[in-house]
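Peer 1: Got a structure here, written out as C-alpha cells. Questions coming.
The values are calculated or read from the model by the stated rules, or taken from the named source; none is laboratory data. These numbers were taken from a predicted model, which means no experiment stands behind them. Cβ placement follows ideal geometry from the backbone for every residue including glycine, while neighbour counts extend to all protein chains displayed.
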Amino acid sequence: CQILQQDCVMEPGLSDPCPPAGPACPDGWIGHRGKCYYFSETEGNWTYVQRHCSSFGASLAGIDSEQEMTFLLRHKDVHDHWIGLRREQGQPWKWTNGTEFNHPQIHHSVLVKQPDTTLVRLCPYFE
C-alpha cells in the first residue's frame, strides 16, 4: 500500500517549520521520497488487496522510477506483492490513478503478469 507523506512547509519567520507532530508516516509504514509504504501480509486477489489498502486511505503502490522499484524490491519480504498496475482487455497498462504505464527504465522482468494478463505482481529480478 502507498500513501503520500505529509510534508512540512517553511514559513517566513519560523525557526522550526515542522511542529513536533511525530513521524510523517503511520506506525509500521516506511517513508521513501515523499511516499509511505506498507508491505501488507494480507492475501487475496488484486481487487481484495486494493480494497484493503483503501481501508488505510491508501492504494496499491505505483512505481514512478527505477529508484522506487529498487526501494520496493529491497524492502519486500520473500512473498510477491500486488502493485497498482492493471489493464482492461485491449487497453494499455494503467496505474490505479488512471495514468498509463510508460516507464522503459523499469525492467519488465520484475513485473510478473498473472495468468489473466490483466494484473501485475512485484517480484525480485536478479541480473
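Peer 1: Could you tell me which residue of segment 51-77 is surrounded by the most Cβ atoms within 10 Å (Cβ to Cβ), considering only residues that are hydroxyl-bearing (Ser, Thr, Tyr) and in contact (Cβ under 8 Å) with a residue 12 or more places away in the chain? Show your work before the answer.
Peer 2: Here is the first cut: in segment 51-77, the residues hydroxyl-bearing (Ser, Thr, Tyr) are 54-55, 59, 65, 70.
Then drop every residue that is not in contact (Cβ under 8 Å) with a residue 12 or more places away in the chain, which leaves 59, 65.
On the way: SER59: 17, SER65: 12.
Among them, the one singled out is SER59.
Peer 1: Which of the numbered conditions does THR47 fail, given that it passes all the others? Conditions: (1) surrounded by fewer than 17 Cβ atoms within 10 Å (Cβ to Cβ); (2) at pLDDT below 85; (3) part of a helix (DSSP H, G or I).
Peer 2: Going through (1) surrounded by fewer than 17 Cβ atoms within 10 Å (Cβ to Cβ); (2) at pLDDT below 85; (3) part of a helix (DSSP H, G or I) one by one, THR47 breaks only (2).
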